[in-house]
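Novice: There's a structure below that I have some questions on.
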Amino acid sequence: MKFYTIAENERIPALGLGTWKSNKGDAGKAVAEALDIGYRHIDCAPIYMNEKEIGTAINAALTDGPMRRDELWITSKLWNNAHPKKYVQTALETTLRELQVDYLDLFLIHWPVHFRPGCLFPQKPEEFLAPDEVPVMETWQAMEKLVKKGMCRYIGVCNFNISRLNDLKQQAYIQPVINQIELHPYLQQQDMLDYCRENNILLTAYSPLGSTDRPAPLKKENEPSLLDHPVIVEIAEKNNLSPGQVLLAWALSRGTVVIPKSVQPEHLRENFAATDIALGGEDLRAVNGLERAYRFVDGGFFQTPGSPYTVAGIWGDK
Ligand SMILES: NC(=O)c1ccc[n+]([C@@H]2O[C@H](COP(=O)([O-])OP(=O)(O)OC[C@H]3O[C@@H](n4cnc5c(N)ncnc54)[C@H](OP(=O)(O)O)[C@@H]3O)[C@@H](O)[C@H]2O)c1
């Protein structure tokens, strides 16, 4: 297993297991299988609706398996309906209870988008809170308190652009250690990577394989495939790898954490083995040539009629 250094003297496993869309009955089995294979990093979120099942699998592995809690890296996230300060701790308590652990290694703000507390996903405009209705520092300071209480070891964000990250860094007492964002050859975000390298923030690459299993309403028409791209397939064949391994090895070559989701034992094994693969310079350059500024998870689901959020506003500079 490959590790990165985080917060100067801490190690985070470079490859973790994604769990979005891991359905009931599959999610727990996938986590158990992954831990057996050697994964030591699980990426969770309450909105994935499977933390309870994952918690049962984690608990069984910690009770019967060869690993201790401190050998496992568990990330979860604060959903959009719990950003006002009085809801933050309760949200983490629920996640800890479901995951059956005393603390998280990393607690992330899931999106820079606010919903009314109690609303899982807005059906009407009034179920959104406006972008400035909950200042990010209100949520962040509540999260800092949870670090001080020992309920999470590190805190960070997801889906923040450079401008939001920079504002947060300047005001934060406890610095964000990670920004978890969509990263793959079609969306390389080199400016973000450069900014984070200069500012001691690790990037976690989500949807590194192109998030092919999103339900139809979350997909655009004629989405490009990453796994089937001829350049990826050719590099895979040439090196006796799978296309997925080429994508994961490329992500790791950039120094990003990567969290492919799978519920299939053969994919889990194949993906885990990617941490030992080093692509040659020519292959890496060929993959770099695939940039097309394409987002699979573009946040369009927050841009519903009457919503104060737009795709451009989420990713744009302000
Ligand atoms: N912070 C955020 O806002 C955010 C957003 C999106 C995702 N994430 C996190 O990132 C994780 C990964 O992203 P994702 O789930 O969107 O998509 P992904 O990991 O890019 O793709 C998952 C899809 O790839 C398939 N797959 C896995 N390994 C494969 C392989 N070796 N060869 C071929 N196909 C393979 C999976 O199928 P099988 O299950 O059948 O193997 C599934 O259909 C999520 O699960 C979640 O934990 C976070």
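The values are calculated or read from the model by the stated rules, or taken from the named source; none is laboratory data. Nothing here was measured: the structure is a model prediction, and the numbers come from that model. Quick reminder, even Gly has a Cβ in these numbers, built from the backbone with ideal geometry, and neighbours come from all protein chains shown. Accessible surface is based on the protein model in full, side chains and every heavy atom, while ligands, DNA and RNA are left aside. Shrake-Rupley method; radii C 1.70, N 1.55, O 1.52, S 1.80 Å.
Novice: Hey, among 289, 281, 316, 306, which residue is in contact (Cβ under 8 Å) with a residue 40 or more places away in the chain, at negative phi and over 22 Å from the mean Cα position of the chain (by Cα)?
Specialist: None of the others qualify; the one that does is 289.
Novice: Tell me the residue from 35, 17 that is open to solvent by less than 40 Å² (accessible area, probe 1.4 Å) and more than 14 Å from the ligand (Cβ to nearest atom), please.
Specialist: None of the other options fit; the residue is 35.
Novice: Please specify each residue of region 210-228 satisfying the condition of being near the ligand (Cβ under 6 Å from one of its atoms) and more than 13 Å from the chain's Cα centre (by Cα).
Specialist: Listed by number, the residues that qualify are 210, 212, 213, 227.
Novice: Okay, moving on. If you scan region 175-200, which residues turn out to be open to solvent by less than 10 Å² (accessible area, probe 1.4 Å), farther than 22 Å from residue 232 by Cα and part of a loop (DSSP other than H, G, I, E, B)?
Specialist: Correct list: 176 only.
Novice: Can you name the number of the only condition in (1) touching a Leu at 6+ places or on another chain (Cβ under 8 Å); (2) open to solvent by 30 Å² or more (accessible area, probe 1.4 Å); (3) within 16 Å of the ligand (Cβ to nearest atom) that residue 121 fails?
Specialist: (1)
Novice: Quick one: is residue 283 within 15 Å of the ligand (Cβ to nearest atom) and acidic (Asp, Glu)?
Specialist: The answer is no for residue 283.
Novice: Taking the criterion of being closer than 23 Å to residue 272 by Cβ and surrounded by fewer than 22 Cβ atoms within 10 Å (Cβ to Cβ), would at least one residue in region 159-167 satisfy it?
Specialist: There is no residue in region 159-167 that is closer than 23 Å to residue 272 by Cβ and surrounded by fewer than 22 Cβ atoms within 10 Å (Cβ to Cβ).
Novice: Name the residues in region 64-80 that are open to solvent by 10 Å² or more (accessible area, probe 1.4 Å) and under 18 Å from the mean Cα position of the chain (by Cα), would you?
Specialist: 79
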